[in-house]
Amino acid sequence: MPLVPADPNVLHPMPGQPRVVLLKPLVTSPLIEVGDFSYYDDPDDPTAFETRNVLYHYGPEKLVIGKYCALGEGVRFIMNGANHRMDGPSTFPFPIMGGSWADHFDLISGLPGKGDTVVGNDVWFGYGSMVMPGVRIGHGAVIASGAVVVDDVPDYGIVGGNPAKLIRRRYDEADTARLLELAWWDWPVEHITEHVRTIMSGTVAELAAVAPEAKP
């Protein structure tokens, strides 16, 4: 029988498990971009991801999440809208309270941002982890449960703690470079379907051996 790839456009990919959603067919905000098969798992309405898990997202900065990312329950992305002034005696955002205070909205509308928050492909986020504004997380990274990510995370790095620190790297420099070159997440989904076992449990050399032939 022919191999059948999974469908990246199904909202709930696991039958009988409404707690798991694919994010690409879920999100509607033009400020959020998600690749195929990245999913969120939450027993308490995972379909509310855009409002419950992406916070203070008033733009224009984007949240970009790659393909094949796994987001555990309670993962939060804090966006630039959470910023407050720190150059005066008070950090309180008086203008948003209304009244004549609103006349001073310029004091908060021009706060500096930290740019887009960008997550690579094949990143695993543990339970309750948090990502702060403008962070870039590399391909194949692992974010430990409860981690608060305030700095960029290298490709295939494992980080944990508050603030999150690099615990170790999943592969040495040579293997990491080879994995980035192979970029299995960009392979045709039919080819991925054929080699799922190698992608999940093989060595870097075994993965390279089953890579699609380079096009001329």
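The values are calculated or read from the model by the stated rules, or taken from the named source; none is laboratory data. Being a predicted model, the structure only gives us computed values, none of them experimental. A quick note on method: Cβ atoms are made from the backbone with ideal geometry, for glycine too, and the neighbour counts reach across all protein chains shown. The protein model used for the area step is the full one, side chains on, heavy atoms only, and it has no ligands, DNA or RNA in it. Shrake-Rupley method; radii C 1.70, N 1.55, O 1.52, S 1.80 Å.
Counting just the residues of the range 173-216 that are of a type in the set (D, E) and open to solvent by 90 Å² or more (accessible area, probe 1.4 Å), which one comes out nearest to the chain's Cα centre (by Cα)? This residue is D186. The residue pairs whose first member lies in the range 147-158 and is at positive phi, whose second member is in a strand (DSSP E or B), and whose beta carbons are closer than 8 Å, counting only pairs six or more residues apart or on different chains, are Y156/R169. Considering Y58, Y68, the condition of being open to solvent by less than 80 Å² (accessible area, probe 1.4 Å) and hydroxyl-bearing (S, T, Y) is satisfied by Y68 alone.
Selection within the range 129-143: residues that are open to solvent by less than 30 Å² (accessible area, probe 1.4 Å) and not in a strand (DSSP E or B). The member of this set that is farthest from N80 (Cα to Cα) is G140. Among the residues of the range 113-126, some residue qualifies, meaning at least one is at negative phi and at pLDDT below 95.
The combined condition, being assigned to a loop (DSSP other than H, G, I, E, B), over 14 Å from the mean Cα position of the chain (by Cα) and surrounded by 13 or more Cβ atoms within 10 Å (Cβ to Cβ), is fulfilled by P25.
Restricting the range 84-128 to residues that are among the β-branched types (V, I, T) and part of a loop (DSSP other than H, G, I, E, B), which is nearest to the chain's Cα centre (by Cα)? Checked the range 84-128; the qualifying residue nearest to the chain's Cα centre (by Cα) is V123.
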